[in-house]
Amino acid sequence: MIFQANPGATYTAYQAEIDAAIQRVLSNGWYILGKEVEAFESEFAIFCEVNHAVGVANGTDAIELALRALDIGVGDEVITTGHTAVATVAAVELAGAVPVLVDIEPEFYTLDPIAVEQAITSHTKAIIAVHLYGMPANLTALQKIAEDHHLYLIEDCAQAHGARYQGSRVGSTGIIGTFSFYPTKNLGAFGDGGAVVTQDTSLYERMKALRQYGWRSRYISDNTGMNSRLDELQAAILRVKLRYLENDNQKRRDLARIYDEALNSSSLLRPAVRQGTEHVYHLYVVQVDEREALIQKLREHGVGTGIHYPQPIHRQPAYHGRVRTVPEDLPALMSVTPKILSLPLYPELSVDDVHYVAKTIVEE
Ligand SMILES: Cc1ncc(COP(=O)(O)O)c(C=O)c1O
């Protein structure tokens, strides 16, 4: 079986180093917020080309914490895309703010700057750009809008570790960048994990306190915080995997090129790459008219696929009729939703397997 994603394969690839890292933590006897987390935070900040990183429990908390650090909450609106993991929207609500969902640029699947500008009201405080599938959003346009309207720009980089926009790492342009280390992500732990990154030292201090009960010093809370800590085991594992992230992202790009060429003659719409960006192909998403038939055919040939995402957030039971959409009902997103399909892609996938998947798709 060829899986759509395969985090277990990463363990096998780096097993000796990961086992040694786990053993080191277990023998050390310190399991929460210790030397491994500190080391990972400085290594990850260097990787992201920012001044600071703070490890947290997951990518949803990372967004909530970023909003809380910026004093965004009840009565405030936060604009983001309707095409994202539900976590982005859930985090806005966890912070107490109201999510406003805008439509996408259909060729890139990321938020449409024109719709963002139309969605701004006197209550808007921030824009969350989501770099979906590994493809950076239009940061030039979004940053200009944020500056013109005195809004914060936050980057949700959960699907784009290491991607670049006009030379800069994602996460380094906005006031805060947020990351998830869910096991299937480009940088994945073997459990939950996340991080926030920033250039701003006072925000860094604030987020560091907020992730642990608002403690400025032990047992003394300056602010009401939360418990969102990265543990030592995950940090030690992430330190090993971070060393290979650049290389793993390159493998993803190489495999994507093979798909691009092999599917050239098919009727599928292949992923586009925004000029001036370095895509990291968290997912390889095509559009196909007869999606169910293709899923079935691939399944019969031992190939797993995914749909990211099968139902836009504003149409999901929990959010239906509860979130404002701009423009009404997100037409571009609604038109791509029935067609999107994620093909297998992860660094350990073999070239032969990619050819096999593509051949299965192309052959009648
Ligand atoms: C775009 C996006 N944002 C946020 C998250 C939330 O991350 P986590 O699952 O670690 O809370 C995810 C992960 O699913 C994601 O893909």
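Quick look at the numbers
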item: Of all residues making up the stretch 1-58, the number that are over 20 Å from the mean Cα position of the chain (by Cα) and among the β-branched types (Val, Ile, Thr); result: 7
item: Helices (runs of 4 or more DSSP H) lying entirely in the stretch 75-174 (those with 3 or more residues that are within 16 Å of the ligand (Cβ to nearest atom) and surrounded by fewer than 19 Cβ atoms within 10 Å (Cβ to Cβ)); result: 86-94
item: Selection status of PHE181, surrounded by 21 or more Cβ atoms within 10 Å (Cβ to Cβ) and within 16 Å of the ligand (Cβ to nearest atom); result: yes
item: Candidates TYR182, TYR204 - the one that is in the same structural domain as ALA137 (by TED's automatic domain parsing), part of a loop (DSSP other than H, G, I, E, B), among the hydroxyl-bearing types (Ser, Thr, Tyr) and touching a residue at least 40 places away in the same chain (Cβ under 8 Å); result: TYR182
item: Residue in the stretch 221-233 that is of a type in the set (A, V, I, L, M, F, W, C), more than 26 Å from GLN4 (Cβ to Cβ), in a loop (DSSP other than H, G, I, E, B) and in contact with a helix residue (DSSP H, G or I) (Cβ under 6 Å, 6 or more places away or on another chain) present; result: yes
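The values are calculated or read from the model by the stated rules, or taken from the named source; none is laboratory data. Computed from a prediction, not measured in an experiment: that's the story for all the values here. Note: ideal-geometry Cβ built from the backbone for every residue, glycine included; neighbour counts use all protein chains shown.
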